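Here the structure is laid out as structure tokens; the discussion comes afterwards.
The numbers here are math on the coordinates, done by the rules we state, and not lab data. In this text the structure is predicted, and so the values were computed from the model without any measurement. So basically every Cβ, Gly included, is an ideal-geometry build from the backbone, and we count neighbours across all protein chains shown.
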Amino acid sequence: MKISKANKVLVSGASIAGLSTAWWLNHIGYQVTVVELAAAPRISGAAVDLNEPSVAIAKQMGLYEKFRSYQLGVDRIEYKNSDDITEGVIVIPRNEENSAKEIEIERDKFVKVLLDELIGQVEFLFSDRIIALEENETGIDVRFNNGGQHKYDLIFGCDGSHSGTRNIWFGPEENYAHHLGAYFSISIIPKLLVPQRTMQTFSVPSKSVMLNAYNGKTDVIFIFMTEEELPYNYRDLTEQRQIIREQFKNEGWRTSELLDEISKSDSFYFDKFNQIKMPEWHKGRVVLVGDAAYCPSPASGQGGSLAMQGAAAVAGALHKYNGDYKPAFEAYERELRPFIEEVQLMAEQNMKTNFVLKTEDEIRERNTTAKLF
Ligand SMILES: Cc1cc2nc3c(=O)[nH]c(=O)nc-3n(C[C@H](O)[C@H](O)[C@H](O)COP(=O)(O)OP(=O)(O)OC[C@H]3O[C@@H](n4cnc5c(N)ncnc54)[C@H](O)[C@@H]3O)c2cc1C
């Protein structure tokens, strides 16, 4: 199968993995459709960190300068105790060379840059999703929730850690999800709760609250550990807010003020710290990219970067094998898997040594010996 605009491919999910994959597939010559469950690209959530390899990819895409123009940054990381005393501080010097190597950018800006590139080049189907797939010799038949039916050459499941494509084609999430024993929420409050470009962390055993202020806004992040998985409805934000309120009531520092802020705010994202580990990321004409295939969990700080790297790697392999998807999907996986496994291991360790600590002694030790790593 030579790559040409006669080859129709479907990307499921219009977030970091999906938009990046759509960009690359369009770039190498496919006719691309993107289907997204939400009515528009979802733009809430913490800023996206692009590491060195994904900055290199942004350069190849010709988007580096645009991303760079939205660059955020942190000057100080402060560790607080319950009396709001700063027990430890990391001062991060502003350095042109370092800030050019890695980019932190708000999610809405990332989405805007990619959408500006894709509108008119790629077809978008919002408020829809794949409900059935059937593969045959000549392609793969897709049935959509809105009643549509269409045949594609290839399907790219870029629909996140709770991927619908994975569920339909590879089996249920429980076969692949590894719970790291913690949950988190993030709300973006449209005012500064700490000075601009400052991060603050307050911890009690098994729980942390983090603040991160930039561009006149503050990310408010609550994290708590629990060995058991909590039963909750993925779509019920009221129930999820209540879980956070229960966990953090009476926990000291500024938690009651911050719980009030998130109760009033429309911005609320809740999920568990999960990793996705699959024996194979592809089967037949379907391949998974980003969190759908290999979610590293937020403890890695690299979910967005790995999504961009996966998109470039899968398209690069298709280009190299001239559209022959079988060797291309194998090469994609061979190239990326060792790095993904490294990041997933680092994230598991980071979870235990940095995000949430089990005892007061561990918290004091981290706070008072805070250093850049
Ligand atoms: C709204 C939002 C907020 C987030 N906030 C944070 C955060 O604060 N901190 C953090 O560490 N990580 C967060 N994440 C996860 C983080 O974005 C990912 O780890 C990383 O960016 C990898 O991106 P991805 O494109 O693989 O997955 P995601 O960014 O999760 O994107 C998946 C996309 O697929 C869509 N989708 C889901 N199911 C279907 C379906 N059946 N059919 C079609 N489309 C579907 C979703 O609406 C979404 O647009 C967030 C994700 C989202 C969607």
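Each 20 Å bin from 0 upward holds the following percent of the Cα-Cα pairs of the chain: 28, 57, 15, 0.
Compared with the dominant Cα axis of the chain, that is its longest principal axis, helix 237-248 is turned about 30°. When shorter helices are ignored and each DSSP H run of at least 4 residues is given -39500 (n - 2.57), the per-residue value for the chain at 222 nm works out to -10500 deg cm²/dmol. The ellipsoid equivalent to the alpha-carbon distribution of the stretch 69-227 has semi-axes of 41, 23, 14 angstrom, derived from the gyration tensor eigenvalues as √(5λ) and listed largest first.
Assign one of three labels to the stretch 1-126, namely rounded, prolate or oblate, based on the Cα gyration tensor with a ≥ b ≥ c the square roots of its eigenvalues; rounded applies when a/c is under 1.5, prolate when it is not and a/b is larger than b/c, and oblate otherwise.
prolate
Among the listed pairs 101/320; 283/320; 151/272, those whose Cα-Cα separation exceeds 30 Å are 151/272. Each part gets one Cα centre, and for the stretch 284-317 versus the stretch 1-55 those centres are 11 Å apart.
Could you compute the net charge surrounding residue 189? Neighbours are other residues with a C-beta less than 13 Å from the C-beta of residue 189; K and R count +1, D and E count -1. Residues near residue 189 contribute -1 overall.
In sequence order, the stretch 282-294 has phi-based couplings of 9, 8, x, 8, 10, 9, 9, 9, x, 4, 4, 8, 8 Hz under the Karplus curve 6.51 cos²θ - 1.76 cosθ + 1.60, θ = phi - 60°, and Gly or Pro positions carry x. Paramagnetic label reach from residue 8 (point 7 Å along Cα→Cβ; backbone nitrogen cut-off under 19 Å): within the stretch 144-179, residues 144-158. Charges were assigned to the Cβ only: +1 to each Lys and Arg, -1 to each Asp and Glu. The resulting dipole of the chain about its Cα centre is roughly 740 debye. Apply the a/c threshold of 1.5 to the C-alpha gyration tensor of the stretch 194-239 and tell me whether it is rounded, prolate or oblate. In terms of gyration-tensor shape, oblate. Would you please classify the overall shape of the stretch 224-292 from the alpha carbon gyration tensor, given that a ≥ b ≥ c denote the square roots of the eigenvalues, rounded means a/c under 1.5, and beyond that prolate means a/b larger than b/c while oblate covers the rest? The shape class here is prolate. Can you tell me the 0 to 90 degree angle between the C-alpha axis of helix 255-264 and the longest principal axis of the chain, rounded to 10? Approximately 40 degrees, to the nearest ten. With the simple model of a label 7 Å out from the Cα in the direction of the Cβ, residue 43 to residue 196 spans 2.0 nm.
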